Structures are given as structure tokens and as C-alpha cells.
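Single-structure report; data block below.
The values are calculated or read from the model by the stated rules, or taken from the named source; none is laboratory data. Here the structure is a predicted model, which means the values were calculated and not measured. Here Cβ is always computed from backbone atoms with ideal geometry, including for glycine, and neighbour counts include all displayed protein chains.
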Amino acid sequence: MNQNLKLTFSKTLFKQAALVGLVVLSSATALAIPADRNQAISLVADRATYNEKTGITTYTGNVIIEQGTMKLQADSIVANLNAKREISTITATGRPARFQQQVDVNKGLAKGQAQKIIYNAETGIITLSGSALLQQNGASIRGNTLKYSMNKGDVEATGTPNSSGSSSGRVQIVIPPSGAKSFPGARD
């Protein structure tokens with residue numbers, strides 16, 4: 001491979017890496033503390049590939065993306081471009097894939113994990129599937145699939161049908177006790 005082709009390839013791969021990093025983090029930082037947006041983005045992986053013909057960028061081998069309090073860890077991350085060469089979906093897979101971010105300075109880290117995490121840039125929906133878990137400040141929601149709409153702020157949890165009545169495979173929500181007794185029916 002001649003030197004000009006190598007330089008062009010490395011610039012293209014760098015641009016794609018930066019684009020994927022920015023899209024992943026801009027979607028995550030939409031709900032982040034403001035200071036995160038001003039932090040440098042770090043993306044490390046054992047291997048990175050970009051196919052200009054298909055528009056697919058793949059990062060494999062202990063992939064870690066960080067910006068401020070946001071951290072995404074996965075075995076692999078695949079970004080797909082649409083016809084306009086813009087990110088359409090980003091898929092992180094792992095055993096499990098994990099992310100964390102502080103979304104409010106007055107609250108602890110929001111953490112999530114699943115076997116697969118898909119961000120659809122066109123719909124703004126993040127889907128966690130396969131033993132999905134979201135937690136923050138003692139509260140948690142667990143299910144086979146969790147969908148979060150960044151546009152609406154809605155969360156949808158789906159479990160695995162279970163006729164035995166046990167909690168295995170079903171949606172499980174844990175709400176920690178509140179220090180305030182201002183809800184209806186509370187007594188001193």
C-alpha cells in the first residue's frame with residue numbers, strides 16, 4: 001500500500017472513529033451534566049475497521065468510550081451509516097455491555113447493562129436487550145428488554161412471559177423508600 005493511500009485510509013478511519021464517538025456521546029450527553037459535553041472523548045479498542053462501501057464501522061475487543069462521567073464498555077460496537085452517510089444505528093454487545101453517566105449533579109451515577117444495547121439515531125430510542133438493567137440511587141428496573149425514548153423520556157420494560165408467578169424473567173422495579181412522607185396515605 002503506498003504512503004498516500006495509507007494516509008488517506010488513516011484519515012478516513014480517524015474521521016469515522018471521531019464521528020462514531022461523537023454520535024454515541026452526543027446521544028448519551030443529551031441527558032448528561034453540562035460539564036460532560038466539554039470533556040475530551042476517549043475511544044479505545046483492540047481493533048477498529050471501517051468499510052466505506054457499506055458505511056459500517058466496527059470496534060472490537062474491550063471497547064471503552066469515555067467522556068466526562070459517561071463511560072460505555074462493550075466487547076464490540078458497530079455503527080451503521082444511512083444513505084446520507086450519517087449514523088443511523090449504533091449497536092454495543094457484550095457479556096454484558098455496560099454504560100454509566102451522571103445525568104444530574106444531585107444524583108448518583110445512572111448505570112445500565114444488557115447483552116445488547118442499540119441506539120437508533122433516527123428515532124432517538126435506546127433499546128437494551130438480554131438481561132437488561134437500569135439503576136440509579138437505589139432504584140432499578142430490570143427486564144428482558146428495556147426501551148428508552150430520548151425524545152419523549154418514556155421507558156418501556158418487557159419481561160419474558162411466565163405462568164408460574166415467580167419473578168424470574170418478569171419485569172422487576174425497585175423503588176427505594178423516600179425520606180419525605182408527603183405522598184397520599186403516609187402517616188407519622
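Residues considered: Thr60, Thr127. Of these, the only one that is within 28 Å of Val174 (Cβ to Cβ) and either among the aliphatic types (A, V, I, L, M) or modelled with pLDDT of 85 or more (or both) is Thr127. Within the stretch 71-112, being crowded, with 18+ Cβ neighbours inside 10 Å and modelled with pLDDT under 85 holds for Ile87, Gln101, Gln102, Val103, Ala110.
From the list Glu122, Glu156, the one residue that fits, being surrounded by fewer than 18 Cβ atoms within 10 Å (Cβ to Cβ), under 19 Å from Ile87 (Cβ atoms) and of a type in the set (Asp, Glu), is Glu122.
Tell me which residues, restricted to the stretch 58-72, are part of a strand (DSSP E or B) and out of contact with any Phe, Trp or Tyr (no Cβ under 7 Å at 6 or more places or on another chain). Selection gives Thr58, Tyr59, Thr60, Gly61, Asn62, Val63, Ile64, Ile65, Glu66, Gln67, Met70.
Look at the stretch 120-148: where a residue is in contact (Cβ under 8 Å) with a residue 60 or more places away in the chain and closer than 21 Å to Gln102 by Cβ and a partner is of a type in the set (Lys, Arg) and assigned to a strand (DSSP E or B), sitting 6+ places away or on another chain with Cβ atoms under 9 Å, you get Ile126/Lys147.
For (1) part of a loop (DSSP other than H, G, I, E, B); (2) among the charged types (D, E, K, R), each residue gets a yes or a no:
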position	(1), (2)
Arg85	yes, yes
Ile90	no, no
Arg98	no, yes
Gly108	yes, no
Gln115	no, no
Leu128	no, no
Gly143	no, no
Tyr148	no, no
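Quick test for you: out of Asn38, Asn51, pick the one residue that is surrounded by fewer than 12 Cβ atoms within 10 Å (Cβ to Cβ) and modelled with pLDDT of 85 or more. Testing whether each residue is surrounded by fewer than 12 Cβ atoms within 10 Å (Cβ to Cβ) and modelled with pLDDT of 85 or more leaves just Asn51.
Out of curiosity, is Gln67 crowded, with 16+ Cβ neighbours inside 10 Å, within 30 Å of Pro176 (Cβ to Cβ) and at pLDDT below 90? Yes: the conditions hold for Gln67. Applying the criterion of being hydroxyl-bearing (Ser, Thr, Tyr) and more than 13 Å from Tyr148 (Cβ to Cβ) to the residues of the stretch 79-137, the residue that is nearest to the chain's Cα centre (by Cα) is Thr91.
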